[in-house]
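**Q** Just passing along the structure, written as structure tokens.
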Amino acid sequence: GYACRQYFMTPFPDPNPGPQTRYNAALARTRARIEMTFGQLKGRFQACDIIVACAVLHNTATIRKERTPVVEVQPDDDLQPVHLDQPSGRAARDRI
């Protein structure tokens, strides 16, 4: 639950068919991919406190094509919008 801001997009509460529905679907796919990436980082570096170092090590392992830990795929979220949106955030989302 986050407010829609210029730098943080949220789903449309009641999307119209077409662009808004496609936007919400793309946002859900992107969110799922990011959560999977975080899961890979957690699986690879369970005791690491320095996130930047984890990302560098993960990228190095990826470039070297090292085996990735198995991460369970989560079902799609029900994206529930928060109604604390800022007007500038809604305008940015509409432009997308």
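**Q** With respect to the numbered conditions (1) assigned to a loop (DSSP other than H, G, I, E, B); (2) β-branched (V, I, T); (3) exposed (fewer than 14 other Cβ atoms within 10 Å of the Cβ), which one is the sole condition not fulfilled by T10?
**A** (3) is the only condition that T10 fails.
**Q** Return the residues of region 14-47 that are farther than 17 Å from T62 by Cβ, outside any helix (DSSP H, G or I) and open to solvent by less than 60 Å² (accessible area, probe 1.4 Å); say none if nothing qualifies.
**A** Result: P15, G18.
**Q** Right, something else. Just name the residue that is modelled with the highest pLDDT out of those in region 52-96 that are part of a helix (DSSP H, G or I) and hydroxyl-bearing (S, T, Y).
**A** T60
The values are calculated or read from the model by the stated rules, or taken from the named source; none is laboratory data. What you are looking at is a predicted structure, and each value in this text was computed from that prediction instead of being measured. Cβ: placed from backbone, ideal geometry, glycine included. Neighbour counts: every protein chain shown. Just so you know, the surface numbers come from the protein's heavy atoms only, side chains and all, with ligands and any DNA or RNA stripped out. Shrake-Rupley method; radii C 1.70, N 1.55, O 1.52, S 1.80 Å.
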